[in-house]
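Worksheet: one structure, shown below.
No lab work stands behind these numbers, since they all come straight from the coordinates. Since this is a predicted model, take the numbers as computed values, not measurements. Don't worry about glycine lacking a Cβ; one is built from the backbone with ideal geometry, like all the others, and counts go over all protein chains shown.
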Amino acid sequence: MSTFFISDLHLCPSRPEINAQFFRFLAGPARAAQALYILGDLFEYWAGDDDADDPFNQAVAQGLHQLADSGVAMHFMAGNRDFLLGDRYARRAGLHLLNDPALIDLEGTPTLLMHGDTLCTDDVSYQRFREQVRTPAWQQDFLALPLAARKAQIEDLRRKSEIEKSAKTMEIMDVNQHAVVATLSAHACTRLIHGHTHRPGQHLLEVDGRRCERWVLADWYTSGSYIACDANGCRAVTLG
């Protein structure tokens, strides 16, 4: 059996076609996996686990838990859009929460899993923002606000982010190759799988005399996709 990896789905009620494809994936192809790893940005944004009772969020949790109940091991790593997703929603969805990065043994190959945003070290302003919002103090203060106020702040941040991104080059928002090499070297692994950059593909490189591969997951803006890995290696699959 294969292990499946997805990321950057950015699920939200305003994208019904992709949402429908996601639910078909859970009820169909994903049932053939022994494990499913969601490497961040499952949702367009996540304001806190007290939003778990929203009908759309409930439907996603139900679909994920049904897949878990079918015997598929379910894992979730936070992304830059849903880093506030916590234990409450994870339990409802049948998800095991992962730290970023997470090193796993994948059919005998040491494989490092990341969302990928920490590799984009050239985007200095984003890295400063990420450091701020990942502190316990910031999160405690933010989650103390009423849910409606949190959602309003998130919408404002998203608007500002889109304006800022329009002034940045794709190279700045992509991974830094030195960061990739340093990360693979530090974890002594030969495979890296991540999302975030929305630039899917397979990249081969040599680190410390080892042949390594970096797999980048695709986003789900126009169609769904996943990477499937087994003893023979990994392959990208696009959903019809």
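Worth a mention:
- Sorted by Cβ density within 10 Å, fewest first, the residues ASP8, ASP230: ASP230, ASP8
- For VAL207, VAL72, VAL181, VAL133, order by how many other beta-carbon atoms lie within 10 Å, fewest first: VAL133, VAL181, VAL207, VAL72
- Springs between Cα atoms under 10 Å define the GNM used for the chain, and in it the highest mean-square fluctuation of GLY195, GLY48, GLY209 occurs at GLY209.
- Residue of LEU42, LEU113, LEU26 that the Gaussian network model of the chain assigns the largest fluctuation, springs spanning Cα pairs under 10 Å: LEU26
- Counting neighbouring Cβ atoms within 10 Å and putting the fewest first, the residues PHE4, PHE142 line up as PHE142, PHE4.
- Highest-MSF residue in the chain out of PHE76, PHE43, PHE25 [GNM, Cα springs under 10 Å]: PHE25
- Partner lysines for LYS151 [C-alpha distance under 20 Å; skip if fewer than 8 residues away on the same chain]: LYS160
- Within the chain, CYS12, CYS120, CYS189, CYS212 have no other Cys Cβ under 4.7 Å of their Cβ and so lack a disulfide-compatible partner by this rule.
- Positive minus negative residues near ASP49 (Lys, Arg vs Asp, Glu; Cβ under 13 Å): -2
- Structure-derived Rg and Dmax of the Cα atoms in Å: which label, when the choices are [x] 18.4, 59; [y] 22.4, 84; [z] 17.5, 53: [z]
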